[in-house]
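Report on the following structure.
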Amino acid sequence: MGASVLQVIRLLALLLVFVLGGACAHTKKTSDLQTLRPVVEGFHQRVRWKDYRYAIRYIVPERRQDFEKARREQHDERDLSITDYEIEDVQLVEEGQRAIVTSRMEWMRLPSVTQQSDTVTSEFIYRDGTWLLEKQRGGPFDGELP
């Protein structure tokens, strides 16, 4: 048993060297990902719990009014249920100024009682020191953030 513990310690030490060695080269991208993650999670959680008034804060200002109007017209506070989401992939592009986030979302909108499972692609843009949702394809809001 002692040999396996020693192997685990060596493996952890090796991983630590790789992580620390790459930290200097990736500091900006890591910090971008650290500021992006709470925004992505926050938006997903707000729409899952039907808190659309707060969720619009995560959207670029020029699309907030249309998003809010669509929620009212579709009666999403009553009719939309997002049962689960999982963030599958995050890619930083345009030198860290844009992020493409792929999520898996499960939802249903009454009067249908069929649960949908869809891949959602969200594009976040880094603007004025914050990440904002600019575009989204797939899922219950498909086409509303073109």
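Taken together, the values in this text are just the output of simple stated rules run on the coordinates, not laboratory data. Remember, predicted model here, so these are calculated numbers, not experimental data. All Cβ positions, even for glycine, are placed from backbone atoms using ideal geometry, and neighbour counts span all protein chains on display.
Observations, loosely collected:
- Shown here is the pair-distance distribution of region 51-119: with all Cα-Cα distances grouped in 10 Å bins from zero up to the longest one, the shares run 17, 37, 38, 8, 0 percent.
- Residue-count net charge about ILE56 - beta-carbon cut-off 14 Å; Lys, Arg +1, Asp, Glu -1: +1
- Figure legend: label point modelled 7 angstrom from the Cα of LYS50 along Cα→Cβ; residues of region 86-113 with amide N under 18 Å from it are 106-113.
- C-alpha center-to-center spacing [region 115-146, region 85-103] in angstrom: 10 Å
- Low-density loop positions, chymotrypsin sites (Phe, Trp or Tyr not before Pro), region 32-108 - DSSP coil, at most 11 other Cβ in 10 Å: TRP49
- The Rg/Rh ratio for region 27-141 is 0.97, where Rg is the radius of gyration of the alpha carbons and Rh is the Kirkwood radius.
- The distance between label points at ARG127 and GLN91 comes to 2.2 nm (points 7 Å beyond Cα on the Cα→Cβ vector).
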